[in-house]
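Just so you know, all these numbers are worked out from the coordinates, no wet-lab data involved. This one's a predicted model, so the numbers in the text were calculated from it and none came from an experiment. Heads up, the Cβs are rebuilt from the backbone with ideal geometry, glycines too, and the neighbour counts pull from every protein chain shown.
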Amino acid sequence: MVRRARRINRELAEVYPYAHPELDFRNPFELLVATVLSAQTTDLRVNQTTPALFAAYPTPEDMAAAVPEELEAIIRPTGFFRAKARSLMGLSAALRDDFGGEVPGRLKDLVKLPGVGRKTANVVLGNAFGVPGITVDTHFGRLVRRWKWTEQEDPEKVEAEIAAIFPKSEWTMLSHRVVFHGRRICHSRKPACGACPIAALCPAYGEGETDPEKAKKLLKYEMGGHPGQRLSPPPDYPGSPAPPLGAG
Ligand code: SF4
């Protein structure tokens, strides 16, 4: 299982060399806020919302002092906006009062912030502080169970079992690759098995559509790229490819 898991990771690294956090951010505070907003919505939707949000409240001090209704109006498109506004104002106040207005770089501090669980903390640590972390979201959990890397349902147990399979240096990128694969190909209800580059390694092959043509129609792209293919970008596609297939 471990050998096969590592092979899947290597294959995914080839398919998604451009895997990255899909939330836009310029500093740890913005990533923290964007991650809180990303619950129950798409990263694309969050990215459409955050420019106005950070223009209005660039720092924790600003956000802590927001008029709740005004902040709610800006983040409304991300859903659950009242609860999210409460979390954002609460965590901003905690950053201002307890951490000198800076996002702390330690798990145990991050998880104490209102609205910040282990998943959010790991996203922030992995991507804003370079601390290796495995982020178990809905995609990650579903895929690693399909691949029989774990049978656990509880995210913390999943995280621990996956951490035992891979070296620390792989944790953050592995998380991105798996989430990319889950968003684009290995969907929850109808995985596109017939268009899946790791079908040969997958114990759950056949759980979804195996007909290549029908499977291709199931592929989804939030940001574009070359999903489902070995990436060999045409010359006009430098490093991080622009979407040839459109967003949607
Ligand atoms: S073969 Fe099917 S179930 Fe397995 S990873 Fe690919 S899409 Fe998912």
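Mind checking which helices (runs of 4 or more DSSP H) fall wholly inside the range 118-187 and carry at least 2 residues that are more than 19 Å from residue 207 (Cα to Cα) and small (Gly, Ala, Ser)?
Numbers: elements: 118-128, 138-146, 155-163, 171-184.
In the range 118-187, 118-128, 155-163 are the helices (runs of 4 or more DSSP H) which contain 2 or more residues that are more than 19 Å from residue 207 (Cα to Cα) and small (Gly, Ala, Ser).
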When the range 28-70 is checked residue by residue, the ones that are among the polar types (S, T, N, Q) and either within 15 Å of the chain's Cα centre (by Cα) or within 29 Å of residue 220 (Cα to Cα) (or both) are 35, 38, 40, 41, 42, 47, 48, 49, 50
Give me the pairs, please: first residue somewhere in the range 191-218 and under 14 Å from residue 12 (Cβ atoms), second residue anywhere and near the ligand (Cβ under 8 Å from one of its atoms) and of a type in the set (Phe, Trp, Tyr), beta-carbon distance under 7 Å, and either six or more positions apart or on two chains.
199/205; 202/147
Count, please, the residues in the range 58-81 that happen to be touching a Leu at 6+ places or on another chain (Cβ under 7 Å) and either part of a loop (DSSP other than H, G, I, E, B) or closer than 22 Å to residue 99 by Cα (or both).
2
Pull out all pairs, ordered by first then second residue, where Cβ-Cβ is under 8 Å, the residues are six or more apart or on different chains, the first lies in the range 130-157 and is buried (at least 18 other Cβ atoms within 10 Å of the Cβ), and the second is aromatic (Phe, Trp, Tyr) and not in a loop (DSSP other than H, G, I, E, B).
132/171; 133/171; 134/140; 134/171
Of all residues being crowded, with 23+ Cβ neighbours inside 10 Å and within 8 Å of the ligand (Cβ to nearest atom) in the range 175-194, which is farthest from residue 125 (Cα to Cα)? Just the residue, please.
192
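Can you name the residue in the range 195-204 that is part of a loop (DSSP other than H, G, I, E, B) and surrounded by 18 or more Cβ atoms within 10 Å (Cβ to Cβ) and, of all such residues, is farthest from the ligand (Cβ to nearest atom)?
Step one: list which residues in the range 195-204 are part of a loop (DSSP other than H, G, I, E, B), which gives 196-198, 202-204.
Within this subset, residues satisfying the condition of being surrounded by 18 or more Cβ atoms within 10 Å (Cβ to Cβ) are 196-198, 202.
On the way: 196: 3, 197: 8, 198: 5, 202: 3 Å.
By that ranking, first place goes to 197.
Taking only the range 31-60 into account, find how many residues are hydroxyl-bearing (Ser, Thr, Tyr), within 20 Å of residue 93 (Cβ to Cβ) and without any contact (Cβ under 8 Å) to a residue 40 or more places away in the chain.
Taking the range 31-60 and keeping what is hydroxyl-bearing (Ser, Thr, Tyr), we get 35, 38, 41-42, 49-50, 57, 59.
Narrowing the set further to residues that are within 20 Å of residue 93 (Cβ to Cβ) leaves 35, 50, 57, 59.
Cutting the leftovers down to without any contact (Cβ under 8 Å) to a residue 40 or more places away in the chain gives us 50, 57.
Final tally of qualifying residues: 2.
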